[in-house]
Amino acid sequence: MGIQIANFWRREARPMRDRARQLEELEEELAALPAGPDRDDAAVWLRELVALFELDSMDVAAARPRIEQMRAAAIERGDDEEVLGVDANLGMLEVLEGQLEGGLERMGATARAGRAAGYGSIGVTTCRNAALFAVRGLRYEQARIFLAEGQAYAETIEQSHCAHMMSALSSMFDWAGADWDGAASTARQTIADQTDGRAVAMADTTLGFVAMGR
């Protein structure tokens, strides 16, 4: 339950200091659990949450060895789905390290591999993140492709969280393309849908950019 709450806090864009404290508490709880499959499964989830926290806080020096260890462990277990999940994180890490083209290429390939294998969460989440990082790196044509693929797939599997995130990102994409009316309309709709905090924050940012431009 605590791991799910930690994931929810990330979606709600809770303060980093609160997330750091929660992850520390979860690590203490995990250490107190008896050895066994349940503890091992929880450890895998917790390592990913810590890696995502490090990526969110731009601590790439700490994230690199952790993600490499996660990938090696997933390969050793023969868990193809987990390997793809780690590859998605590795793509984000590469972008943050300055390897923009390589990181986006890895995320795109991972998203398509996830969809082909029927791993819905990996397919849509990785496509969403690829679009987000493409916009962040001013690679708008790549972002357009990722958004089109991700939004279509999110609708197919009815994944609302990523759909809302990509809706908010679309508003920022439209702003960058000088479609301010469209950007504002999409941003307001995202906020009206009362979605998660990260999407609302992104939509609010778009409205701020439009207001400054006008």
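The values are calculated or read from the model by the stated rules, or taken from the named source; none is laboratory data. All of these numbers come straight from a predicted model, not from anything done at the bench. We place every Cβ from the backbone using ideal geometry, glycine too, and count neighbours over all the protein chains shown. Each accessible area value is taken on the protein alone, full model and side chains, heavy atoms only, with ligands, DNA and RNA left out. Shrake-Rupley method; radii C 1.70, N 1.55, O 1.52, S 1.80 Å.
Can you say whether Met166 is in a helix (DSSP H, G or I) and open to solvent by less than 20 Å² (accessible area, probe 1.4 Å), as far as the supplied structure shows? So Met166 passes the test. For the stretch 136-160, the set of residues classified as open to solvent by 70 Å² or more (accessible area, probe 1.4 Å) and of a type in the set (Asp, Glu) consists of Glu141, Glu155, Glu158, listed by residue number. So for the stretch 9-21 (the condition being surrounded by 15 or more Cβ atoms within 10 Å (Cβ to Cβ), over 18 Å from the mean Cα position of the chain (by Cα) and farther than 21 Å from Gly123 by Cα), does at least one residue qualify? No, the stretch 9-21 contains no residue that is surrounded by 15 or more Cβ atoms within 10 Å (Cβ to Cβ), over 18 Å from the mean Cα position of the chain (by Cα) and farther than 21 Å from Gly123 by Cα. When Glu158, Glu141, Glu149 are checked against the criterion of being touching a Cys at 6+ places or on another chain (Cβ under 6 Å) and among the acidic types (Asp, Glu), a single residue qualifies: Glu149. For the stretch 124-135, does any single residue satisfy the condition of being open to solvent by 20 Å² or more (accessible area, probe 1.4 Å), more than 21 Å from Thr205 (Cα to Cα) and either out of contact with any Cys (no Cβ under 9 Å at 6 or more places or on another chain) or assigned to a helix (DSSP H, G or I) (or both)? For the stretch 124-135, residues open to solvent by 20 Å² or more (accessible area, probe 1.4 Å), more than 21 Å from Thr205 (Cα to Cα) and either out of contact with any Cys (no Cβ under 9 Å at 6 or more places or on another chain) or assigned to a helix (DSSP H, G or I) (or both): present. Annotation note: Cβ proximity below 8 Å between a residue of the stretch 87-115 that is on the phi < 0 side of the Ramachandran plot and at pLDDT 95 or above and a residue that is open to solvent by 10 Å² or more (accessible area, probe 1.4 Å) and not in a helix (DSSP H, G or I) (sequence gap 6+ or interchain) occurs for Val95/Gly137; Leu96/Met58; Leu100/Gly137; Leu100/Arg139; Gly103/Glu97; Leu104/Gly137; Leu104/Arg139.
How many residues are open to solvent by less than 20 Å² (accessible area, probe 1.4 Å) and assigned to a helix (DSSP H, G or I) if we restrict to the stretch 183-196?
The number of residues fulfilling the criteria is 4.
Of everything in the stretch 24-75 that is open to solvent by 90 Å² or more (accessible area, probe 1.4 Å) and not in a helix (DSSP H, G or I), the residue that is nearest to Leu96 (Cα to Cα) is Met58.
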